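Just so you know, all these numbers are worked out from the coordinates, no wet-lab data involved. What you see is a predicted model, and the numbers here were worked out from it, not measured in a lab. Quick reminder, even Gly has a Cβ in these numbers, built from the backbone with ideal geometry, and neighbours come from all protein chains shown.
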Amino acid sequence: MTEGASWTDDAPWWTRAVVYQIYPRSFQDSDGDGVGDLRGVLQRVDHLAELGVDVVWFSPIYRSPQDDNGYDISDYQDVDPLFGTLEDLDEVIAALHERGIKVVMDLVVNHTSDEHPWFVESRSSKDSPKRDWYWWRPARAGMEPGTPGAEPTNWGSFFSGPAWEYDEDSGEYFLHLFSRKQPDLNWENPQVRAAVYEMMRWWLDRGVDGFRMDVINLVSKAVRPDGALPDGISHDGRLGDGSPHYVSGPRIHEFLTEMHREVFAGRAGALLTVGETPGATLEDAQLFTDPARAEVDMVFQFEHVGLDHGPGGKFDPRPLRLTDLKASFGRWQAGLAEVGWNSLYWDNHDQPRIVSRWGDDGTYRTESAKTLATILHLHRGTPYVYQGEELGMTNAHLTSFDDYRDIETLNYVRDARGYRSDDELLAGLAAMSRDNARTPVQWDASPHAGFTTGTPWLAVNPNHTEINARQQRADPHSVFHHYRRLIALRHDEPTVALGDFTMLLPDDEHVYAFTRRLGDVELLVLGNVSGEERLALVDPVWTDAQVLLGSHDDARVVETPVVLRPWESLVVRRTV
């Protein structure tokens with residue numbers, strides 16, 4: 001973080017940067033075992049350089065039992081043999097640095113694996129010196145330990161079921177907000193924090209350029225004076241919602257300030273810190289990302305990716321209302337305009353593919369992929385590209401429960417079969433399962449898309465014969481080259497990085513429109529988010545303005561009102 005930075009000529013480097021997320025398991029396999037690895041990344045660094053990204057963020061590659069695909073870490077300072085070795089990682093970092101690309105590691109410190117030595121020691125005895133490194137609590141008063149309802153609180157886990165696991169050997173429960181094999185660390189213990197900070201310094205000394213901090217705003221829990229944790233609100237006798245007691249909890253800002261002071265302050269070099277903050281409000285984000293507070297550079301918020309969740313949650317999706325998306329993005333753009341910074345994303349390892357989710361992955365796949373990208377990248381903030389997004393990769397369209405691998409998905413099916421039909425479940429999974437983002441990257445039209453010579457851990461999308469990097473790199477009108485142009489525009493045009501944002505046509509359900517302005521340069525961004533021709537009622541001053549970028553890659557003269565073809569987008573520039 002640049003201490004005391006302003007958003008003008010001395011703006012932090014990451015205001016002009018684009019980050020690319022690699023989910024290593026699905027990126028490129030080098031040894032034929034069907035799982036992506038670090039030497040596979042080495043084979044594809046030129047793809048990243050050609051795309052033009054500034055940073056690569058690696059999802060976890062640490063040693064792990066892989067209960068949650070690496071987000072359950074058993075050793076923070078080693079690479080899992082599934083992905084290679086520390087020496088392989090050193091080579092990858094060097095290769096990316098040689099191409100001017102920084103490296104950000106995933107930091108998962110809300111929880112560890114239950115196979116981490118810290119937890120093994122903590123579990124060994126109630127008198128263990130590390131017992132208080134995790135959240136151990138006795139059964140609810142008056143209840144028999146290990147029986148239903150005896151858990152210390154009624155909190156539910158993000159991965160279904162109670163958030164407490166009973167340990168018969170010690171007669172107590174431990175907290176796990178995620179999988180039962182992911183016990184939560186107790187950040188109230190200063191020894192835990194010191195151990196985490198020491199590990200982070202070790203990685204920075206090794207040459208990484210920052211961290212994406214997994215669910216970092218969940219590390220502070222609301223502890224009562226007697227040491228107990230409070231119950232959450234429960235409906236119809238179901239598990240309670242404990243989130244008010246751990247989402248952006250009472251000490252979170254204290255912890256992040258301490259982390260910055262102990263790990264980042266005074267370090268030379270251009271680092272990046274981004275916090276994943278589920279449930280964070282705009283007001284939270286203003287505090288997290290205010291440079292004067294020295295916490296993190298930016299956060300991932302979840303408001304917009306919940307807009308299509310129905311009454312039954314994410315696996316009960318409803319159609320997106322474009323006006324809802326505009327209202328959400330508009331609020332965040334305005335709220336972080338004077339202080340703080342936005343992260344911009346559609347896809348990641350936890351979200352379905354945007355072209356299938358809010359685009360048209362059939363007739364207008366290419367056009368809708370380009371237009372959704374244009375809309376996102378022209379907002380004020382740092383854009384994140386998830387592997388394959390730059391190709392317009394689609395959802396997997398899986399049709400059988402046996403095709404899924406994701407623990408969140410499988411646990412949901414287990415628990416929901418009592419009240420939802422199989423057809424309803426399969427429709428929800430096909431739309432929203434995390435496995436949609438985890439199918440292997442489609443490099444070419446060969447068997448398994450050039451990802452592996454073996455059997456892939458998750459089946460390759462059959463449409464790789466039409467959607468793949470080799471074909472798109474050869475086609476100047478492809479989604480890939482549109483992403484290249486968007487990234488170059490952020491690098492070259494200061495207004496994209498730093499200009500003021502003004503939402504236009506907030507009540508239009510089909511056209512997304514806004515302006516960006518810096519000094520005497522103003523940009524107009526238009527996107528037709530529909531499969532029909534639409535009229536954009538914009539100011540006549542834009543007539544004959546310069547078209548910087550268009551989704552249809554043809555000569556375009558701006559006349560107002562602007563008639564937009566199906567899924568057409570335009571970026572137009574004028575001097576004020």
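Determine the alpha carbon to alpha carbon distance for each of LYS130/LYS221; LYS102/LYS370; LYS102/LYS221 and list only those over 23 Å.
Details: LYS130/LYS221 18 Å; LYS102/LYS370 26 Å; LYS102/LYS221 33 Å.
Distance filter (> 23 Å) returns LYS102/LYS370; LYS102/LYS221.
Normalised Debye scattering of the range 162-219 at q = 0.26 Å⁻¹ gives log10 I(q)/I(0) of -1.11, counting only Cα atoms as equal scatterers and leaving out solvent. Between the range 112-169 and the range 236-266, the alpha-carbon centres lie 20 Å apart. Return the calculated 222 nm mean residue ellipticity for the chain, to the nearest 500 deg cm²/dmol, obtained by summing -39500 (n - 2.57) across DSSP H runs with n ≥ 4 and dividing by the residue count. Computed mean residue ellipticity for the chain: -7000 deg cm²/dmol.
Taking a ≥ b ≥ c as the square roots of the Cα gyration tensor eigenvalues, the range 442-550 comes out prolate, since a/c reaches at least 1.5 and a/b is larger than b/c. Of the residues ARG490, ARG417, ARG212, ARG16, the one with the fewest other Cβ atoms within 10 Å heads the list, and the complete ranking is ARG417, ARG16, ARG490, ARG212. The phi torsions of the range 320-325, fed into the Karplus equation with coefficients 6.51, -1.76 and 1.60 and a -60° offset, translate into couplings of 6, 8, 4, 5, 5, 5 Hz, rounded to whole numbers, with Gly and Pro shown as x.
Reported value for the range 305-356: 98 Å³ per residue, from the convex hull of its C-alpha atoms.
FRET efficiency for the SER400 to ARG470 pair, using the beta carbon distance and R₀ = 30 Å, is estimated at 0.50.
Over the range 25-184, the Kirkwood radius and the radius of gyration, each from Cα atoms, give a ratio Rg/Rh of 1.11.
Principal axis extents of the C-alpha atoms in the range 117-175 (largest first, rounded to whole Å): 29, 27, 15. Taken over the range 274-379, the alpha-carbon convex hull comes to 105 cubic angstrom per residue. Nearest 10 degrees is fine. How inclined is helix 479-492 to the longest principal axis of the chain, computing both from alpha carbons? The angle comes out near 90 degrees.
Model label sites at ARG201 and GLU424, defined 7 Å from Cα along the beta-carbon direction, differ in position by 5.4 nm.
Put a dot 7 Å past the Cα of ALA141, heading toward its Cβ, do the same for GLU91, and the two dots end up 6.1 nm apart.
Rounded to the nearest 0.05, the FRET efficiency derived from the C-beta distance between ASP520 and THR323 at R0 = 30 Å is 0.45. Ordering TRP203, TRP13, TRP57 from the fewest to the most neighbouring beta carbons within 10 Å gives TRP13, TRP203, TRP57. Estimated at 0.36 nm per residue, the fully extended path between GLN43 and GLU283 surpasses their Cα-Cα distance by 82.1 nm.
The shape of the range 499-575 can be summarised by an equivalent ellipsoid whose semi-axes, obtained from the alpha carbon gyration tensor, come to 19, 15, 11 Å from longest to shortest.
With both residues required to sit in the chain, DSSP beta bridges show an antiparallel share near 60%. Using only the C-alpha atoms, the convex hull of the range 8-59 corresponds to 72 Å³ per residue. In plain terms, the residue of LEU429, LEU256 with the fewest other Cβ atoms within 10 Å comes first and the most crowded comes last, giving LEU256, LEU429. For the range 206-290, the fraction of C-alpha pairs more than 20 angstrom apart is 45%. Measuring how big the range 532-576 is from its alpha-carbon positions, Rg and Dmax come out at 10.1, 32 Å. Shown here for the range 520-576: GluC sites (Glu not before Pro) in loop regions (DSSP other than H, G, I, E, B) with at most 16 other Cβ atoms within 10 Å, namely GLU532, GLU533, GLU559. Please say if the range 422-496 is rounded, prolate or oblate, where rounded means a/c under 1.5 for a ≥ b ≥ c the square roots of the C-alpha gyration tensor eigenvalues, and otherwise the choice is prolate for a/b larger than b/c and oblate otherwise? Cα axes put the range 422-496 in the oblate bin.
Quick one: what do you get for the chain if you divide its Cα Rg by 2.2 N^0.38 Å?
Compactness ratio reported: 0.97.
The fraction of Cα-Cα pairs per 5 angstrom bin, counted from 0 for the range 140-262, comes to 2, 10, 17, 22, 18, 13, 9, 6, 3, 1, 0 percent, rounded to whole percents.
Sorted largest first, the principal axis extents computed over the alpha-carbon atoms of the range 471-525 equal 38, 30, 12 Å.
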